1. Determine the equivalent ellipsoid of the range 67-112 by diagonalising the alpha-carbon gyration tensor, then write out the semi-axes as square roots of 5 times the eigenvalues, largest first, rounded to whole Å.
2. Take the Cβ-Cβ distance between residue 395 and residue 362 as r, set R0 to 25 Å, and report the resulting FRET efficiency rounded to the nearest 0.05.
3. Tell me the angle of helix 88-100 to the major Cα principal axis of the chain, expressed in degrees between 0 and 90 and rounded to the nearest ten.
4. Given the Cα-Cα distance of residue 192 and residue 82 and 0.36 nm per residue of separation, how much length would full extension add, in nm?
5. With each run of n ≥ 4 DSSP H residues scored as -39500 (n - 2.57), what mean residue ellipticity at 222 nm is computed for the chain after dividing by its residue count and rounding to the nearest 500 deg cm²/dmol?
6. Taking 0.36 nm per residue of sequence separation and subtracting the Cα-Cα distance, how much length would be gained by fully extending the chain between residue 403 and residue 416, in nm to one decimal?
7. With a 1.4 Å probe and all protein chains kept in place, how much accessible area does residue 252 have, in Å² rounded to the nearest 10?
8. Between 0 and 90 degrees, rounded to the nearest ten: what's the tilt of helix 371-382 against the longest Cα principal axis of the chain?
Amino acid sequence: MTKTSNAMWGGRFSAGPDAIMEAINASIDFDKRLARQDIEGSRAHAAMLAAQGIITDKDAEAIREGLLTVLSEIEAGDFQFSKALEDIHMNVEARLKEIIGEPAGRLHTARSRNDQVAVDFRLWVRDQCDAVDGALEALMKALIGQAEAAADWVMPGFTHLQTAQPVTWGHHMLAYVEMLNRDRSRFADARKRMNESPLGGAALAGTGFNIDRHMTAEALGFDRPSANSLDSTSDRDFALEFLAAASICAMHLSRFAEELVIWSSAQFRFVVMSDQWSTGSSIMPQKKNPDAAELIRAKIGRIFGANVALMTVMKGLPLTYSKDMQEDKEQVFDAADNLMLSLAAMTGMVETMAPQRENLRKSAASGFSTATDLADWLVRELGMPFRDAHHVTGALVAMAEGKGCDLPDLTIEDMKSVHDNINEGVFDVLTVEASVMSRQSYGGTSPVQVKKQIARWKELLA
């Protein structure tokens, strides 16, 4: 096989890897996404080396300017990546040497690719936490918009996908706002914990050069340098936490996507999805398929898979760095891409979907959905123990089912045949509107409570 040499390895190796070794060892096809972070970290490192007198100001300036040239070439699409140079770090350094010559060789003083990749990857994941936060906020605002537009519209609330009690459309939309806000807090919490700089951990033991790790940490926006060089170079908890938060977030998106698939079906007709987020059938002209929702529902598999894959990579590794850890980035990149795509698609669907008020109300009134209101009325008005009220209500439900009608359609005589003390006042609580209006407890589905929550969220997100 054809041999290729890698001069960056130095004098230890007399021959380069063959094609298969090159293919399995190289990471440039995916870690080139770290180019901006790699150059950002190198510029901070060079400035610190100069400040500490480890390299000259002249060399540091040449390095800084040369790195900007490299970045501009990459961003313009003019950079020639080489698989023989393995990774983004070697590719950047090799090109830097072509541009500025000997000073490029001084850049790697007092660092290793181990702490270099650790800081690059941490910077990238930190940036992604910020991007996800913005996308989550946009989706939350879209949901709040839907909630505000139909805060008091009545719809069925489900347990076991069976009609349970009436709720309001606004309340249902705000349930997902709560979920997504927890997602935001998880990403924010992970970001705070990951915000320590591993730069200066070097290969694993730190360095004998008089470096200033606090200077580079501050330059890169970290709160502090990491406190243990062994942990600095081998830690990937930040990536795992990102994937864990992404998995929970994707699960929330998948749950809502499932509801949209159900709600837009001919059997439910709760919402009409915009043509922008639907597709047709190649053979059935009547079809309008919620493909975007279905794809979001499926994306969670990739994100869950990335989480499990990286956990598996890391689970048996001794300290510190092992080449296994090269398998960390592709999983995170793919998960991040798919999460951002799913958030954007869900935001578009929510902004453009049209809830169908009459269909929502009709469904809310079916399935004896006000049975609990009847039981509560028996407790409140007749002083009946709840278990007895539950039994009486169950008998009335059975009667209505036998008559082929709903609870509000029973006569007062029907009601009295089960319990003689029931009076006409019972009918005041058997409409779906009365049901939702009565749920005035904090966090309840009453339109009054829903509007208070909408106001709270709008203020929080202002």
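The values are calculated or read from the model by the stated rules, or taken from the named source; none is laboratory data. Because the structure is a prediction, the values reported are computed rather than measured. Every residue, glycine among them, receives a Cβ derived from its backbone with ideal geometry; neighbour counts consider all protein chains shown. Just the protein is used for accessible areas: all its heavy atoms, side chains included, with ligands, DNA and RNA removed. Shrake-Rupley method; radii C 1.70, N 1.55, O 1.52, S 1.80 Å.
1. Numbers: eigenvalues 63, 34, 16 Å².
Whole-Å semi-axes of the equivalent ellipsoid: 18, 13, 9.
2. Working: r = 26 Å, r/R0 = 1.03.
Efficiency computed from Cβ-Cβ geometry: 0.45.
3. Approximately 40 degrees, to the nearest 10.
4. Details: separation 110, 0.36 × 110 = 39.60 nm, distance 3.52 nm.
Full extension of this stretch gives 36.1 nm more.
5. Values: 18 runs with 279 residues, N = 462.
One gets -20000 deg cm²/dmol as the mean residue ellipticity at 222 nm.
6. Working: separation 13, 0.36 × 13 = 4.68 nm, distance 1.58 nm.
Gain on extension, residue 403 to residue 416, equals 3.1 nm.
7. We get 10 Å² for residue 252.
8. Compared with the principal axis, the helix lies near 60 degrees.
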